[in-house]
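Below is one structure, written out as structure tokens; comments come after it.
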Amino acid sequence: GLEDEQFIKKIKKFNPDIIGVSALFSSQFGCAERLAREIKKNIPKAILVFGGIHASKMYESILKKNSSIDYIICGEADYTFTLFCNSFENGEDLTKTPGLAYREQKDSNLEIKKIQEPPGLDMNELPFPAWHLMDMKLYWDIGMPHNPFMKSKEFMTIMTERGCPEKCYFCSSAD
């Protein structure tokens, strides 16, 4: 990946309205949190949405401690993040998004709210990746296969399922 400064430079040039950050595991969350502070410092009007297993499980404490993070989409966000973005585009109430965790100020009290997550995602309903929209040569030039013993740099990763069956003590997925 890019160094934080390079990332901020690129994202400032792009100037998005919404920025999504996923930290799949608790061990990655510190880096994502640091990046969130830099994003908000440099692009304060951007809406910062977090996702991933750690944020999904720990949404309450994260939103209480991290003013840089505007929203968390809990659970599988393949469709719900799209709903969130569509609501933004249409000027609709973002807090109606399924699985959304957010802050709400009531008088002098800060409340953390969470909309119920939709039922589990059926992987068979997801569309196939739009490979034709990617410059595959750039992807292959990165040269970071998951398997270091691969003989060719021209490969594609295919996810055949989600999650992990293991219960490692250090992983946020073990809950």
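The values are calculated or read from the model by the stated rules, or taken from the named source; none is laboratory data. No experiment lies behind these values; they were computed from the predicted model shown. Don't worry about glycine lacking a Cβ; one is built from the backbone with ideal geometry, like all the others, and counts go over all protein chains shown. Surface accessibility is based on the protein's heavy atoms, side chains included, excluding ligands, DNA and RNA. Shrake-Rupley method; radii C 1.70, N 1.55, O 1.52, S 1.80 Å.
The reciprocal of the average 1/r between distinct C-alpha atoms defines the Kirkwood hydrodynamic radius, which for segment 41-104 equals 12.1 Å.
The solvent-accessible area of K137, taken with every protein chain present and a 1.4 Å probe, is close to 130 Å².
Taking all protein chains as present, what is the carbon and sulfur share of the accessible area of segment 28-117, in % to the nearest whole number, probe 1.4 Å? The nonpolar share, carbon plus sulfur, comes to 47 percent.
Per residue, the accessible area of segment 46-138 comes to 62 Å², computed with a 1.4 Å probe over protein heavy atoms only. A simple count of charges around A46, restricted to other residues whose Cβ falls under 12 Å of its Cβ and scoring Lys, Arg +1 and Asp, Glu -1, yields +1. Rounded to whole numbers, the Karplus 3J(HN,Hα) couplings from phi for segment 104-111 are 9, 8, 10, 6, 9, 9, 9, 10 Hz, using 6.51 cos²θ - 1.76 cosθ + 1.60 with θ = phi - 60°, and x at Gly and Pro. In this structure, W140 and N109 have a Cβ-Cβ separation that, at R0 = 45 Å, corresponds to a calculated FRET efficiency of about 0.30. Sparsely packed loop sites in segment 16-79 (the trypsin sites (Lys or Arg not before Pro) outside DSSP H, G, I, E and B with at most 13 other Cβ atoms within 10 Å) comprise K45. For the residue pairs K96/K137; K41/K114; K12/K137; K45/K113; K10/K106, the C-alpha atoms sit more than 29 angstrom apart in K96/K137; K10/K106. Annotation: peptides 113-120, 46-53, ranked by per-residue average of other Cβ atoms within 10 Å with the highest first, follow the order 46-53, 113-120. When the Cα convex hull of segment 5-155 is projected onto planes of every orientation, the mean area is 11.6 nm².
Distant-in-sequence amide contacts of V21, defined by a placed amide H-H separation under 5 Å and a gap of 5 or more residues or a different chain, comprise V49, F50, G51.
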